Amino acid sequence: MGTWTTDELDRIGAADELRLASSLSDGTLRPAVTIWVVRVGDDVVVRSAYGPGNGWFRRAQAAGRGRIEAGGVARDVRFVAADPDGHDAVDAAYHAKYDRYGPRIVGSVVGPGVVDVTLRVEPVD
């Protein structure tokens with residue numbers, strides 16, 4: 001596992017959206033999707049709006065690897081289940097960053113129902 005640089009964390013954290021492509025079994029990438037992303041300390045975190053059936057989430061979880069682009073940062077990454085103990089901090093980060101879009105849309109990525117659809121994005125060197 002690699003580590004994010006402070007500059008990468010700052011740039012990804014400041015980006016409104018992240019482009020995420022999961023890997024196929026042959027190592028090529030699926031088409032990227034655009035989703036929200038938050039930084040929580042030294043972690044980059046994404047959540048599936050509308051549950052575990054969301055296609056990008058199922059593919060990222062199954063592949064475990066892929067590539068992200070946000071804020072001018074492009075990295076190969078690993079997708080791992082986020083620690084449930086950090087749930088409140090992730091909720092707070094989503095609220096701080098995205099509440100301007102209104103409670104209905106932010107409500108799709110916060111609350112007790114999204115613990116199991118939260119992934120930590122780890123850089124791969």
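Summary of computed values
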read-out	value
Exclusive hit being in contact with a strand residue (DSSP E or B) (Cβ under 7 Å, 6 or more places away or on another chain) and modelled with pLDDT of 95 or more, set Val73, Val45	Val45
Subset of region 80-120 [part of a strand (DSSP E or B) and surrounded by 13 or more Cβ atoms within 10 Å (Cβ to Cβ)]	Val80, Thr118, Leu119, Arg120
Test: residue in region 21-30 that is among the small types (Gly, Ala, Ser), assigned to a helix (DSSP H, G or I) and modelled with pLDDT of 95 or more	no
Residue within region 17-26 that is in contact with a strand residue (DSSP E or B) (Cβ under 8 Å, 6 or more places away or on another chain) and surrounded by fewer than 17 Cβ atoms within 10 Å (Cβ to Cβ) present	yes
Residues being in a loop (DSSP other than H, G, I, E, B) and surrounded by fewer than 19 Cβ atoms within 10 Å (Cβ to Cβ) - total across region 31-61	10
Filter pass, Asp125 being closer than 20 Å to Gly66 by Cα, of a type outside the set (Val, Ile, Thr), assigned to a loop (DSSP other than H, G, I, E, B) and out of contact with any strand residue (DSSP E or B) (no Cβ under 7 Å at 6 or more places or on another chain)	yes
Filter pass, Asp43 being touching a residue at least 12 places away in the same chain (Cβ under 8 Å), over 17 Å from Pro31 (Cβ atoms) and of a type in the set (Asp, Glu)	yes
Residue in region 71-78 that is more than 22 Å from Lys97 (Cα to Cα) and not charged (D, E, K, R) present	yes
Residue among Pro103, Pro84 that is in contact with a helix residue (DSSP H, G or I) (Cβ under 9 Å, 6 or more places away or on another chain) and of a type outside the set (Gly, Ala, Ser)	Pro84
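The values are calculated or read from the model by the stated rules, or taken from the named source; none is laboratory data. As the structure is a computational prediction, the values presented were derived from the model and not from experiment. Every residue, glycine as well, gets a Cβ built from its backbone with ideal geometry; the counts of neighbours run over all protein chains shown.
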